[in-house]
Amino acid sequence: MKNMRILVYLIVFVITAFSMESHTGLQPGVPVKVNFDEFNATFSYYNTTPENPDGSKIAYVKFLSFPAHDRSEKVPAEIWVCNSDLTGHQKLIRTKNIAVHNGARVQWIDNRTLAYEDDSIRIIGLDGESSAVMSGRIGHHPHNGRILYSAEDGESKLATIYEYNVRQQQRNVLGNALDFKAVAGLYPSGSLREAADFGILHLQYNPDGGSIAFRLDIGPSNEHYRHLVTMNYDKGNIRFFGPKPMHFAWYDNESIMGHDNQIDDSMPDDKSGRRWDLNRNYIEILSGTGNHLGASDDRLYYASESWYQESPVILSVFRKGETKAFWQDTVSTDKHTTWTLANHTNPSFSRDGKRLYYNKCVAPGVVYTYMVVLPLNN
């Protein structure tokens, strides 16, 4: 098995070295490996582009070793950036050890500054200099130089929502778990946690930054007790959506998108990509079935992969409202690497919507970052 893995590395290395010469002439529909060597790599959260705002740089995480049996095992890693034509690969920093699931959750603050998470949330420039460190779980999608994160407050011990303004180096408290205790009256159950024990994850600004959405964990560790909550930036207009769509995100300032695995909306829970208003009313279908949903900024294209534990794992790209994919790639045939170790596909689009970025398992225990220029005219 060890010799086979070495052979796979050698073959991929030779192919990559050859293809690097032609990256400036990318062929639509043909996937290209992004990370330049034989080490495993990943991008970030689903629907979180690895491109900086002007689209000139791409960020990814390189793993220096790899877990064998446990998705929670932490391994040494580095953050790298390259040019959008896949040249000029540059190591920024060696991180603290991290799990492979979502990597270091790297995201761009501006064209020369990134945020990432290892044992802390850190802000780093392209010069490798760190400007801030804070404890917590980083959210998705910075907005105007600000990031969202959740952490346990040192005094109250409550899960708390924070915002950090990178330019002003200022932290604001936006709310804590007790602000959402009313959910217990709307969804009564003997299995609910006390409000003081609620968990807060996957914080996301809406496009204009005036509202946020997040996952509120209110009970045992299963999907039924993972709820979606939205609220205004000033903590007004708190809305309890109910059990969340799978891998949700804001569609626009007033509606949510995700895969329908459990939504009480009179529609079949068939894992289609759908859109709802903030009161859980169905608006429209966006895509076929999937799992980790990525959407282009103009919301004309959607990408997602096969549901948990399915094999092979097929990544599909859809035009809005269509359930038949116009482009697909087999991104894994190894359930252990993809599902047990949580090397998820996590698709995301380029800023202009013309490229798709994703993680691909090319052999057992071997995962690389890929991109494709989408054949949008076909």
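Details
- Condition check for Gly209: out of contact with any Leu (no Cβ under 9 Å at 6 or more places or on another chain), farther than 17 Å from Ser150 by Cβ and either at pLDDT 95 or above or not in a loop (DSSP other than H, G, I, E, B) (or both): yes
- So Asn253, is it over 23 Å from Tyr308 (Cα atoms), surrounded by fewer than 21 Cβ atoms within 10 Å (Cβ to Cβ) and more than 22 Å from the chain's Cα centre (by Cα): no
- Hits in the stretch 49-67 (condition: polar (S, T, N, Q) and closer than 14 Å to Met371 by Cα): Thr49
- Looking across the stretch 263-300 at every residue that is under 30 Å from Pro364 (Cα atoms) and part of a strand (DSSP E or B), the one that is nearest to the chain's Cα centre (by Cα) is identified as Gly294.
- When the stretch 258-295 is filtered for residues that are under 28 Å from Tyr357 (Cα atoms), touching a residue at least 40 places away in the same chain (Cβ under 8 Å) and aliphatic (A, V, I, L, M), the ones remaining, listed by number, are Leu293, Ala295.
- Filtering Ser130, Ser150, Ser120 for residues that are under 15 Å from Leu203 (Cα atoms) and polar (S, T, N, Q) leaves a single hit, Ser150.
- Boolean, Asn102 is under 30 Å from Tyr251 (Cα atoms), surrounded by 19 or more Cβ atoms within 10 Å (Cβ to Cβ) and either touching a helix residue (DSSP H, G or I) at 6+ places or on another chain (Cβ under 9 Å) or not small (Gly, Ala, Ser) (or both): yes
- Answer residue from the stretch 214-256, given it is in contact (Cβ under 8 Å) with a residue 40 or more places away in the chain, of a type in the set (A, V, I, L, M) and in a strand (DSSP E or B) and is nearest to Ala184 (Cα to Cα) among those: Val229
- Any hit, the stretch 342-356, residues being buried (at least 16 other Cβ atoms within 10 Å of the Cβ), aliphatic (A, V, I, L, M) and either in a loop (DSSP other than H, G, I, E, B) or modelled with pLDDT under 95 (or both): no
- Only one of the numbered conditions (1) under 18 Å from Tyr225 (Cα atoms); (2) aliphatic (A, V, I, L, M); (3) surrounded by fewer than 22 Cβ atoms within 10 Å (Cβ to Cβ) is violated by Met267, and that is (1).
- Scanning the stretch 287-297 for residues that are touching an Asp or Glu at 6+ places or on another chain (Cβ under 9 Å) and of a type outside the set (Ser, Thr, Tyr), we see that the one that is surrounded by the most Cβ atoms within 10 Å (Cβ to Cβ) is Gly290.
- Matching residues in the stretch 69-93 - criterion: being charged (D, E, K, R), free of Cβ contacts under 8 Å to residues at least 60 places away in the same chain and surrounded by 13 or more Cβ atoms within 10 Å (Cβ to Cβ): Glu73, Lys74, Glu78
The values are calculated or read from the model by the stated rules, or taken from the named source; none is laboratory data. Keep in mind the model is a prediction, meaning the values are calculated, not measured. All Cβ positions, glycine included, derive from the backbone under ideal geometry; neighbour counts span all protein chains shown.
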